[in-house]
Structures are given as structure tokens and as C-alpha cells.
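First up is the structure itself, then whatever we jot down about it.
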């Protein structure tokens, strides 16, 4: 098995006010943590490049792109986004939205590729929301279809929050299937209707969650056989997450990620992963949680011929 690609960039970190829910340094924290793990030798780090504006217009309104790029968002738009505008955020946003697409292209070649960022699923076509500026999941899926790389893409969203922005952008495209397992009582409080949406009750533990996931994957496969999976592996499902309520353990998340990968690997379907949401005041603990999907990728893909 060749090394598993990790897409990243040293400019992913952003500055946020003290006490902010979003951990602006979590991307470099994650890469530092991964480099200390014994399975690190099984990965190949590839630096992303910025998205071309002309391509980004396929999933976002021209006016929104321009207003963000030139710092013209009003206070209402900035409050909905939840992040202060800065040159660092601007640069990161144009880099990271392309990172998942690059990972998807590599996944088609190697079977698996991981993005050390991404999962910005609250970004809608015409506005940013919930710490998400541009929607990398929707961008990657649309680009793959537009360039005839694949005919059908599954966006599997296991972040604790529903990917309402992804649904907004993808819902009219029959080549895209959005599947989301998310907290019933969590943000966004006005849920969208995607291809498959399963709401989960607060306090749901490992066993119940994994049983629901197994049924969901079987249902997805019966309804829509993808040629590529873009997997939002949010870790805000963890019991100690600052914004999650599902009470999954570290081992439960590892089993979740491995089950997703094993399910599609057994059917020869490439998988692209994005890290999604995760919130903790303890930066080292947050890095450890976000590393789970990489450990799972190595366990499922890195140890087999």
C-alpha cells in the first residue's frame, strides 16, 4: 500500500478572540500530534493550493465571494459567520476549500486520502455560517461531477451538526447524495431536508450510535451507489465536546470511522475524509480527537496489501 495522502497547509491556522469557541490553532496542533504517532510513516503530506475564483462560483454566489474577499460583509453577516474577518481567514478559506477537492482527486487514485481540515458544511450558497466561509464538501463534489471524474458522489456527514449549507448547495443535483446523522436538538435549529437525514437524541452512546450508522449505510447503498465518498468525520460527537451532546467515547469514534471506511473499501469505493467540527478548551485533547480518523485510515488502508 502506498502512503496515504494528507492534504494540509501551514497557513490553515487563524486568529480568533480569546475565549472563542473555535480553536484557531487546531490545524497545526493536529499535524504536530500526528507527526508524533507511530503510524505517521504511513502518510504522505501534500500541500494544497488556493482555489481559483472562477471555480468557486460553481457553488457560491459571486456577490458573496466578492463581499468576503474584500471585507465587505456587514455586521449581521459576520455574526452569522461567527468569525472575525482577517487576512489570515481570507487566505485560509481559499486554501482549505480546495484541500478537500485535492484529497478527493487523490482518493480516486489511491482509494483513500485525508484532508487535515475541511468539513465546512454550514457555508450556504450565498452566505457563511457557523464558522464556515466556503463549503469544501459541496465544492469538491460539484467539481468532480463537472470534470467527469465520477458520476455519483456521496457526502456522508457525521458531524454532530447537520450540514445545512451542504444541503442548500447540493439538493437539486441528482448526482449528489447528502446523508447526515446529527443531533436533533443542536445547531442549526432549523433543519434542512437532504437525501437522508437522521436525527439523534441527546446522550446517545456508542452502541446505539453505531447500530444506527450501520443501518444508515445499508440504506444509502440500497438507494445510491456512489463512485466516491466525501466523509465529514466531525469529532464534536465526543462526550466531552464543548458543543456536542451525543456522548460518544474515543473508541466509539474510532469504531465509527473504521466502519465507514471498511464498508466502502469492501465495495471498492474511494473515500476522502475531512476533519469537521470539534470544540475543546484543551488543545492537545482536541488534536487527539481529530487524529482519530487518520488512525482509522491507517488501520483500514495502511496495513493491507
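Shape analysis of segment 153-230 places it in the oblate category; the axes a ≥ b ≥ c from the Cα gyration tensor give an a/c of at least 1.5, with a/b not above b/c.
Distance between the pseudo-spin-label points of residue 74 and residue 240 (7 Å out from Cα toward the beta carbon): 4.3 nm. Here the convex hull built on the C-alpha positions of segment 1-117 has a volume of 114 cubic angstrom per residue. Placing a label point 7 Å from the Cα of residue 250 along the Cα-to-Cβ line, the residues of segment 1-41 whose backbone N sits under 20 Å from it are 26-41.
Taking other Cβ atoms within 10 Å as a rough exposure proxy, 115, 142 sort from fewest to most as 142, 115. Protection proxy ranking, highest mean first, for peptides 48-56, 283-291, 15-23, 128-136: 128-136, 283-291, 48-56, 15-23, where packing is the per-residue count of other beta-carbon atoms within 10 Å, averaged. The alpha carbons of the chain stretch over 50, 42, 38 Å along the principal axes, in descending order. Considering segment 218-303 at the alpha-carbon level, its Rg and Dmax are found to be 13.6, 41 Å.
First obtain the Kirkwood hydrodynamic radius of segment 185-246 from its Cα pairs, then insert it into the Stokes-Einstein equation at 4 °C and 1.567 mPa s, and state the resulting D in µm² per second as a whole number. Once the numbers are plugged in, D ends up at 97 µm²/s. In vacuum, with every alpha carbon of segment 99-208 counted as one equal point scatterer, what does the Debye formula give for log10 I(q)/I(0) at q = 0.10, 0.15, 0.20 Å⁻¹? Two decimals, please. Listed by q, the Debye log ratios stand at -0.29, -0.64, -1.06. Computed over segment 4-302, relative contact order equals 20 percent, with contacts defined as Cα pairs under 8 Å that lie 6+ residues apart.
Extending 7 Å from Cα along the Cβ direction at residue 184 and again at residue 151 yields two label points whose distance is 3.9 nm.
Two numbers describe the Cα atoms of segment 66-128: Rg and Dmax, which are 14.0, 44 Å.
The mean sequence distance of close C-alpha pairs (under 8 Å, at least 6 residues apart), as a share of the length of segment 103-182, puts its relative contact order at 27 percent.
Taking the number of Cβ atoms within 10 Å of each Cβ as an exposure proxy, the fewest-first ranking of 28, 180, 149 is 149, 28, 180.
Bear in mind that the values in this text are calculations on the coordinates, not laboratory data. Everything quoted here is computed from the prediction, not taken from an experiment. Note: ideal-geometry Cβ built from the backbone for every residue, glycine included; neighbour counts use all protein chains shown.
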